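Asks: Please find one structure pasted underneath; my questions will follow.
The values are calculated or read from the model by the stated rules, or taken from the named source; none is laboratory data. It should be emphasised that the depicted structure is a prediction, and the values quoted were computed from it without experimental measurement. Cβ sites come from the backbone with ideal geometry, for glycine too, and all protein chains shown count toward neighbours.
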């Protein structure tokens, strides 16, 4: 998200500036910055998302919110390589002149770079909201995995009914029986 903010500031400044040297410098920075850093950031986002999905209780395809985040990550990573990097590399070298001349020499490449940082920021903000609120429940794969053999709470070692039967006082047994249902004897 930070790289999106930086890129947004740069491309907006390039469109708003009246100084040709500033616009030229901005386009040079964008041409150098995007192809070498953003693909690594996008790939890192995707790899860490997959690793965290596999390594946590949420799994990679067990919850809809995780699956949607994976989809967002895949789409954003693909857009980096299909649209953003080629757009940045299409900015010409050695731009000089007035601001209008530099923007004209850059052509559509300068204006085409306006949308990606805002789209990416919005998609990443959406993914962040999904991580916080975790909506939509389990996927079909998550429900299938969960519907495996379940253990009854009474048979779990250390559970309240088991403790109530192992030499506990009568008042403890009555308290446990009242809160957990009928105790087995």
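Asks: When you go through (1) surrounded by 15 or more Cβ atoms within 10 Å (Cβ to Cβ); (2) assigned to a helix (DSSP H, G or I) one by one for residue 125, which number turns out not to apply?
Replies: Unmet for residue 125, out of (1) surrounded by 15 or more Cβ atoms within 10 Å (Cβ to Cβ); (2) assigned to a helix (DSSP H, G or I): (1).
One line per residue, one yes/no per condition, for (1) at pLDDT below 95; (2) within 16 Å of residue 130 (Cα to Cα); (3) in the same structural domain as residue 97 (by TED's automatic domain parsing):
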| position | (1), (2), (3) |
| --- | --- |
| 7 | no, no, yes |
| 22 | no, no, yes |
| 37 | no, no, yes |
| 58 | yes, yes, yes |
| 70 | no, yes, yes |
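Asks: Would you be able to say whether some residue in segment 84-103 is within 13 Å of the chain's Cα centre (by Cα), assigned by TED's automatic domain parsing to the domain that holds residue 14 and within 29 Å of residue 35 (Cβ to Cβ)? Break it down into steps so the answer makes sense when it comes.
Replies: Taking segment 84-103 and keeping what is within 13 Å of the chain's Cα centre (by Cα), we get none.
Scanning segment 84-103 turns up no residue that is within 13 Å of the chain's Cα centre (by Cα), assigned by TED's automatic domain parsing to the domain that holds residue 14 and within 29 Å of residue 35 (Cβ to Cβ).
Residues checked against (1) more than 38 Å from the chain's Cα centre (by Cα); (2) at pLDDT 95 or above; (3) part of a helix (DSSP H, G or I):
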| residue | (1), (2), (3) |
| --- | --- |
| 111 | no, no, yes |
| 142 | no, no, yes |
| 157 | yes, no, no |
| 178 | yes, no, yes |
| 182 | yes, no, no |
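Asks: Can you list the helices (runs of 4 or more DSSP H) lying wholly within segment 1-84 that have 1 or more residues being in contact with a helix residue (DSSP H, G or I) (Cβ under 7 Å, 6 or more places away or on another chain) and under 30 Å from residue 138 (Cβ atoms)?
Replies: Output list reads 20-55, 64-79.
Asks: Would you check which residues across segment 63-96 are within 16 Å of residue 15 (Cβ to Cβ) and touching a residue at least 60 places away in the same chain (Cβ under 8 Å) and list them?
Replies: Within segment 63-96, 91, 95 qualify.
Asks: In segment 105-118, which residues are free of Cβ contacts under 8 Å to residues at least 24 places away in the same chain and farther than 12 Å from residue 27 by Cβ?
Replies: 108, 115
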